[in-house]
Structure formats: C-alpha cells, structure tokens
Amino acid sequence: MLEILIVGAVSSAIYAMLAVGFTLIFGVARVLNLAHGSFYALGAYGTYVLTSHLKLPLLAAALLSVAIVAAFGVLIERVFIRPMRKSQLAVLMITLAVALVVEQALFLTFGSEYRNVPAFVDAKFTIGGVNIAGARLLALGVGVVVIGALWLFIQRTRYGSAILAISQDPQAAQYMGIPSDRIFSVVMALSAGLAALAGILAGPFLTVQPTMWLLPIVKAFAIVVVGGLGSIPGSILAALMLGYAETIVGYTVSTSWTEIVSVLATLLMLMLRPAGIFGRRAAF
Amino acid sequence: MKPESLERSVISRLARGASLAAACAALALPAATASAQSGPIRIGVPTAMQLQVGRDTQDGIKMAIEDINAKGGVLGRKLEMVVADETENPETGISAIKKLTADEKVDVLIGGYTSGVTLAQLPHISAAKTIYLNVGSASPATNAKVKTDYDHYKYIFRVGPLNAALQARQMTGFISTFVKGELGLSKIAIVGENAKWVQDLVPLLKKGATEAGADVRAVEFFDAQTSDFSPLFSKVKDSGAQYMVVVLSHASSDIFAKQWHDSRFPMAYGGIDVKSMDGDFCDRIGGKAVGELAANFAVRAPLTPKTVPFFDEFKKRTNRQPVYTAFGANDAVYIYAEAVTRAKSTNPDAVIKELEKTSYVGIPGTIEFDENHDVKPGSATFKGPALLFAQWRDGCKREVIVPKTMRTADFVYPSWIKQ
C-alpha cells in the first residue's frame, strides 16, 4: 500500500511537470505544441552531452541544459509558431514537424542506442520497508517544488499577472498594453524548461533514446484532456489521477495493462465531458 | 505521419516501377545475364539500417568483402554491396527485397532482423529465385517450409542466430544446470515482454524448467512501452522467487536494468536480453547492468580461431563492439563465396547444392545447415554455435559463465545481495 503511494507520487510528479508546461502554453497562446516531448528529450540529451563529452559537473550541466532548451523553445516559438499562430492546424503541423526533425537529428547524431544521464543521487532509500531509488525521490521533491514555484510566479509577479490576463482575455489584455508576444516567449521558455527538467530528472531511471519524446507527449495530452486544456490545477489533478491509476493497475492487475489506462481515460473524458474536469473556464 | 510511412510509399512506388521495368527487360535481354556473369558479384543487404544490428550487418559484410577482394575476389570477380532499409516494418521489408532483386539484380541477399519482416519477405525472395542468407531473425517459422516445399523455399538459409526453439532449449538448460544446479536456487520467476516470440517461448521455458525440477513461482509479462517496473518487481519479490529469468528483446532493457539496480532489487537476474548483447550496453546505462547474466551468440573469447581476431578488427575499424548480426553477416559472405567457388558459378541452383554441403569454421562456431537450411546448434560432439551466458562485471567487462566448458570466471552476485 505504502509502495503504491510512493511510486504513484513519483509518476504523478513527472507527469505533472510535463503536463503543466503543455497546458500553460495552450492556456496562454492557444498553441497545442506537439514538440513538447522533444523538449523533454533534448533536456536529457543535453545533460548527457554536457556531462559525458564536455565533462561538466552534473548540476552545471543540468542547469545549462534547461537554459539551452528554454532558449530553443523561444526560438521555435519566434521562427515557426508565431507567424502561423492564427491557424491551430498549421501550428499542430509545424510543431509535429519540429518533433520529427528533432527525433531524426538525435538519431543521426547519437544513433538509436540508449544514452546515460547520470543521477544526482545513486543511493537507495527505505521508507516504511519500501525500497525506493534516490533518483525517484529527487524527481518527486523537485517536481513539487518547481510546480509550487511556478504557481507563486503566476500568482505573485507582474509577469504572472500578465500571463493570467492574456489567458483570460487576450484582446482585452492587449488593449491594456500587455506585450503579448513577449509574454508568449516567457511562457514558451517556462514550458520548454519544465519539460527539459522532467527529462533530466527522469533520465537516470527511464529511457534516453531518440524516440523518448513520444510517450511523454501522449501522456501530457491525455492529462490535459482529462484535466481540461489550459487549466493548471486540472492538469495537476489529472496527473495525480493518471499516475496513481497506472500504478494501481500495475500492482493489482498487470504491468502490461498500465499503458492502456491513459488512452482509456482520454477516451472516456472526451465522451463524457469534452471540456475536461476543470474545462476552459477554470484556466489557472 | 511518421517519416517511414512517407518513405515507404515512395519506396513502394519506386519498387512497383522497378518491377515493371524488370519485367519488360526480362522479355528482351537474355544476353544481359551473360554479361552480368562477368561483372562484380552483387550482395544485397536488406536490414534495419538505423539500428545497431543493421549497422553491424553492413560493417561485417564490408570487412569480408574488402578481405576477399584484396585476395582477388571470387572466380575473378569482385564483390560489391547494395543496401536497402527494411526497417522493422513488413511492408518496407518487402519493398527492400523488390528493390534489391528487381532493380539492383543482386546475386545473393544477406540480412534480416525482425522475424515478422523476414516472414513477409519470404514469398518475394522465392519468387525472385535469389539466395537469402538470414543473419538476424530467429523465428523457426522462417525455415519451416524449406523441407516441405523445397522447390519454392530452397533459397532460404539461416547462418545465425540459433532459432527461438533452440534458444528455449538452451535457456532451459541454463535454468536446470546453472541456476538450480550450481547456484542452488530452485524458486524462479519468468519475466518477459509482451511480444509474439516471447509469448511463444515462455510456456516452453516454464514447462522445461518445471520438468527440470525448478519451482516457477511467477510468470509476468509487461508491455514493451513500460516505463516503471516497480509493480512488476514487487510481484516477483512477493512470489518468493530466488532468481529472475528474463526474456527481453525490443524494448525496455535499459529501464529494467536501471530500476533493478537503483532499487537494489534483492534477486539476481539473467536470460535473453537482446539489447544487453551490445558490447557497450552496460556503459550506456552507467554501469547499472553489472551483475546481469545475458545470453550471447558470441563474445570475445577463443570460441574458434576467428573469434578474437574478428572482435578486435571490428572494434578497430568501427570503434564499436559487434553484435550477433556482425559476425553472422561476416561469416555469410565467406560461406557464400566458398560455395560459389566450389560451384564455379553464381547460378542459384548450383550454389544452393554447395551451400548445403557447408562446414565452415566461423566466428561463433562451425556453421553447418540442417535439412531446413537452419544453422545447426553446438553440442557435446559438434562445435556449432551455442548460447553463451556472460555476466557484466565491474568496469562493464564481460565474463562467460555458462556453458561451464567455456567459463572465463566464476559467477559473482551483485554487491547488495547477501548469500
């Protein structure tokens, strides 16, 4: 029981870090960014390159990698997304193209083999008789802190107010003199940075290879559909639901059934309540 | 759309065009075949180019071609290689065969990886009447028709790896003689990914292990996409098993090893782990595979006089450790070249007769074919290829543990397991 509680919390934290960024950029810019999983992959690969080829210390490599991916996110937003933001279909296509280009670039540069992202903690911890890897506990801790910090940033800062304003009414926000393009860039940087961080934290215990972007985007998608596109509390709640649902199915039924949970949840939610738990209105 | 599907549609269109052109050409040009007899002998290589198995197939063939050409070629003709990407998708695999046979008009095909792809290719290979030396896929079904429908399927040979049924038999031997016999652990759990060949193999394994006196406490399958093994490990631990036998091929080997190590799972594991055959698997996951026992078709050990020199030469040229397709493909080129030399022609029927007589000392052992053109396994009296169980050790070095006759070091438990 305690094991399910801990393992489910770790999965939920990783999912939440992925989904919050994904829903944030949708809530603010109405951009359904299919390249979000690529930021996750690039975070992990960036840390791999910086630690194994450039021999940087892990913390420096991780921070630098987050910064680089955030900058890459801004670049993608400026060059590809901004000119065609009016058409959601075009944005969908261009971000999918970016994701595939990133995947192929990783294939060509690193091959299809797994790569190693070193862990910050290699030790094993025992909590109430449950053995749990330090890297997982760290992912849980950092996930909670970072999402908390993001929440404070949105609620307490001027940038945060601007983000809220745009998400509630983009036109009115623009009339009030809020520089929406700059805000989009900030949100894109935050979203990409969060995904990269998730990749770095999950890299030591999950896979690091060119197709690693696909599963996270599927999960993030499922979570935001369940939670409501654009709603941060919705995605946190849905991340918890999905993380725990998968863990419970894994423990009580079979590991081979876990992957169907997210697909089923998406399907059910789309049938029963297409707006998701919190719908559009509850954005932030 | 994934890029493969675009590529596939373009390739299949090209292939259709090519086969049309080939049909027209065949009506007009009997003289062309005569002139082809004097040009280079063309080796077609259908393989999954983006994977290490595919790259190693090509490099293994390239090494053999360069060596043979440096010595004057075969029947005075040089060898050359044409590659086609068969990916892991049957449709693309068929297009690759059509491209190589109809368009490139190769004399022989050497390649293969995924059994599903090879099975889909078989009718097209036999229709093209081109000899096919399989060096990658393990399903017994690929060679099952050679004996029953010889005229159609005589072109199909498997140089390696040992087919899945033989692998199951050798795995059962591993459980009874090593896990139960030497380690004294009779309670085992069998864990495998949800793939067709694994579902076929696991019941055989369970039956064999039970007959050998082992107590199979749990049989668990997991999805190839699984990213969290905690529930599975928990079930295996609760079952009371003492040793975990795994069957992993296309996915998750890295996550499995990482999470096993990170949680200091109190049980050793070993079995078939295809990714763990890669020479640098352990390094690539930060040394977390140390302690795992994985089956290999060859490792750098003096199995035959060719094994160690091949491993060293391959490493020198490519800066990689070879996987099984590398030495299968390398041996296949020599086997084909010798058969052509004996037949004094590249005519498929003549070459097939000579291939059937093959007894070639290759890299994993002596290669001979049975009546299904399948590679014969090694035994007490025959030094053919066998499954070798090697353990990852500190520094990501490998030591052969099973079979005992080839042992290079004694088994060591992972550091956190107390005996």
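The values are calculated or read from the model by the stated rules, or taken from the named source; none is laboratory data. This is a predicted model, so every value here is computed, not measured. Methodologically, a virtual Cβ is constructed for each residue, glycine included, from the backbone with ideal geometry; neighbour enumeration extends over all protein chains shown.
Residue selection: B:V245 fails the criterion of being of a type in the set (V, I, T), modelled with pLDDT of 90 or more and part of a loop (DSSP other than H, G, I, E, B). Please specify each residue of the stretch A:171-195 satisfying the condition of being crowded, with 16+ Cβ neighbours inside 10 Å and either more than 23 Å from the chain's Cα centre (by Cα) or among the acidic types (D, E) (or both). Scanning the stretch A:171-195 gives A:A173, A:I178.
This table checks each residue for (1) in a strand (DSSP E or B); (2) not aliphatic (A, V, I, L, M).
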| position | (1), (2) |
| --- | --- |
| B:T358 | no, yes |
| B:P377 | no, yes |
| B:A380 | no, no |
| B:F389 | yes, yes |
| B:G395 | no, yes |
| B:V400 | yes, no |
| B:D410 | no, yes |
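For the stretch B:262-282, the tally of residues that are part of a helix (DSSP H, G or I), farther than 23 Å from A:A139 by Cα and not small (G, A, S) stands at 5.
Going by the conditions given, is B:V82 surrounded by fewer than 24 Cβ atoms within 10 Å (Cβ to Cβ) and assigned by TED's automatic domain parsing to the domain that holds B:Q50?
Numbers: surrounded by fewer than 24 Cβ atoms within 10 Å (Cβ to Cβ): yes; assigned by TED's automatic domain parsing to the domain that holds B:Q50: yes.
The answer is yes for B:V82.
Residue under question is A:V31, and the condition is that it be under 30 Å from A:E246 (Cα atoms), at pLDDT below 95 and assigned to a helix (DSSP H, G or I); does it hold?
Values: under 30 Å from A:E246 (Cα atoms): yes; at pLDDT below 95: yes; assigned to a helix (DSSP H, G or I): no.
No; evaluated as a whole, the condition is false for this residue.
What do you reckon, is B:S276 crowded, with 22+ Cβ neighbours inside 10 Å and closer than 30 Å to A:A245 by Cβ? Steps first, please.
On the way: crowded, with 22+ Cβ neighbours inside 10 Å: yes; closer than 30 Å to A:A245 by Cβ: no.
Here the answer is no, as B:S276 does not meet what is asked.
Of all residues in the stretch B:147-169, exactly one satisfies the criterion of being without any contact (Cβ under 8 Å) to a residue 40 or more places away in the chain and assigned to a loop (DSSP other than H, G, I, E, B), namely B:D149. Of the residues in the stretch A:79-91, at least one is in contact with a Leu (Cβ under 8 Å, 6 or more places away or on another chain), surrounded by 14 or more Cβ atoms within 10 Å (Cβ to Cβ) and more than 14 Å from chain B (Cβ to nearest Cβ). For A:A198, state whether it is in a helix (DSSP H, G or I), within 14 Å of chain B (Cβ to nearest Cβ) and crowded, with 24+ Cβ neighbours inside 10 Å. So A:A198 fits the description; yes.
Answer yes or no as to whether A:A105 is more than 7 Å from every other protein chain (Cβ to nearest Cβ), surrounded by 14 or more Cβ atoms within 10 Å (Cβ to Cβ), under 23 Å from the mean Cα position of the chain (by Cα) and free of Cβ contacts under 8 Å to residues at least 12 places away in the same chain.
Working: more than 7 Å from every other protein chain (Cβ to nearest Cβ): yes; surrounded by 14 or more Cβ atoms within 10 Å (Cβ to Cβ): yes; under 23 Å from the mean Cα position of the chain (by Cα): yes; free of Cβ contacts under 8 Å to residues at least 12 places away in the same chain: yes.
Taking the combined requirement at face value, the residue satisfies it.
Only one entry of B:L119, B:L100, B:L133 meets the criterion of being free of Cβ contacts under 8 Å to residues at least 60 places away in the same chain and crowded, with 24+ Cβ neighbours inside 10 Å, and that entry is B:L100.
Would you mind stating whether A:I94 is within 19 Å of A:A195 (Cβ to Cβ), among the aliphatic types (A, V, I, L, M) and free of Cβ contacts under 8 Å to residues at least 24 places away in the same chain? When the stated conditions are applied, A:I94 passes them. Of the set (1) of a type outside the set (K, R); (2) buried (at least 17 other Cβ atoms within 10 Å of the Cβ); (3) in the same structural domain as B:Q321 (by TED's automatic domain parsing); (4) out of contact with any strand residue (DSSP E or B) (no Cβ under 8 Å at 6 or more places or on another chain), all apply to B:D67 but (2).
Scanning the stretch A:218-242 for residues that are crowded, with 24+ Cβ neighbours inside 10 Å and within 18 Å of B:D223 (Cα to Cα), we see that the one that is farthest from the chain's Cα centre (by Cα) is A:L242.
Just give me the residues in the stretch B:245-264 being hydrophobic (A, V, I, L, M, F, W, C), touching a residue at least 40 places away in the same chain (Cβ under 8 Å) and surrounded by fewer than 23 Cβ atoms within 10 Å (Cβ to Cβ), in sequence order.
Within the stretch B:245-264, the first condition is being hydrophobic (A, V, I, L, M, F, W, C), and the residues that meet it are B:245-248, B:251, B:255-257, B:260.
If we keep only those that are touching a residue at least 40 places away in the same chain (Cβ under 8 Å) as well, we get B:245-248, B:251.
Hit for the stretch B:245-264 is B:A251, nothing else.
Can you find even one residue in the stretch A:208-221 that is free of Cβ contacts under 8 Å to residues at least 40 places away in the same chain and either in contact with a Ser or Thr (Cβ under 7 Å, 6 or more places away or on another chain) or not in a loop (DSSP other than H, G, I, E, B) (or both)?
Restricting attention to the stretch A:208-221, the residues satisfying the condition of being free of Cβ contacts under 8 Å to residues at least 40 places away in the same chain are none.
Checked the stretch A:208-221: no residue is free of Cβ contacts under 8 Å to residues at least 40 places away in the same chain and either in contact with a Ser or Thr (Cβ under 7 Å, 6 or more places away or on another chain) or not in a loop (DSSP other than H, G, I, E, B) (or both).
Residue-wise test of (1) away from chain A (no Cβ under 14 Å); (2) at pLDDT below 90; (3) within 20 Å of B:V179 (Cβ to Cβ); (4) within 19 Å of the chain's Cα centre (by Cα).
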site: B:R264; (1), (2), (3), (4): no, no, no, no
site: B:K275; (1), (2), (3), (4): no, yes, no, yes
site: B:D278; (1), (2), (3), (4): no, yes, no, yes
site: B:E292; (1), (2), (3), (4): yes, no, yes, no
site: B:R300; (1), (2), (3), (4): yes, yes, no, yes
site: B:L303; (1), (2), (3), (4): yes, yes, no, yes
site: B:P309; (1), (2), (3), (4): yes, no, no, no
site: B:D312; (1), (2), (3), (4): yes, no, no, no
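Looking at the stretch B:315-328, which of its residues are surrounded by fewer than 24 Cβ atoms within 10 Å (Cβ to Cβ) and on the phi < 0 side of the Ramachandran plot? B:K315, B:K316, B:R317, B:T318, B:R320, B:Q321, listed by residue number.
Quick test for you: out of B:V45, B:V10, pick the one residue that is at pLDDT 50 or above and closer than 20 Å to B:K98 by Cβ. Among B:V45, B:V10, only B:V45 is at pLDDT 50 or above and closer than 20 Å to B:K98 by Cβ. The single condition among (1) in a loop (DSSP other than H, G, I, E, B); (2) within 14 Å of chain A (Cβ to nearest Cβ) that B:Q259 does not meet is (1).
Number of residues in the stretch B:215-237 that are outside any loop (DSSP other than H, G, I, E, B), more than 19 Å from B:A294 (Cα to Cα), of a type in the set (D, E, K, R) and at the interface with another protein chain (Cβ under 10 Å from one of its Cβ atoms): the value is 2.
For the stretch A:229-243, state whether one or more residues are modelled with pLDDT of 90 or more and within 14 Å of another protein chain (Cβ to nearest Cβ). Checking the stretch A:229-243: at least one residue is modelled with pLDDT of 90 or more and within 14 Å of another protein chain (Cβ to nearest Cβ). Among residues of the stretch A:120-142 being within 11 Å of chain B (Cβ to nearest Cβ) and not in a strand (DSSP E or B), the one that is surrounded by the fewest Cβ atoms within 10 Å (Cβ to Cβ) is A:A123.
Restricting the search to the stretch B:359-391, which residues are of a type in the set (S, T, N, Q) and either within 21 Å of B:M406 (Cα to Cα) or buried (at least 21 other Cβ atoms within 10 Å of the Cβ) (or both)? Please lay out each step first, then the result.
So the first thing to find is which residues in the stretch B:359-391 are of a type in the set (S, T, N, Q), and the list is B:359, B:366, B:372, B:379, B:381, B:391.
Hits for the stretch B:359-391 are B:T366, B:S379, B:T381, B:Q391.
Being hydroxyl-bearing (S, T, Y), assigned to a loop (DSSP other than H, G, I, E, B) and modelled with pLDDT of 95 or more is the filter here, so list the residues in the stretch B:89-146 that pass it. Across the stretch B:89-146, the qualifying residue is only B:T130. Assess whether B:T172 counts as being in the same structural domain as B:S249 (by TED's automatic domain parsing), surrounded by fewer than 17 Cβ atoms within 10 Å (Cβ to Cβ) and part of a helix (DSSP H, G or I). Criteria not met by B:T172. Any residue that is more than 26 Å from B:D410 (Cβ to Cβ) and among the charged types (D, E, K, R) - is there at least one of those in the stretch B:168-175? No, the conditions are met nowhere in the stretch B:168-175.
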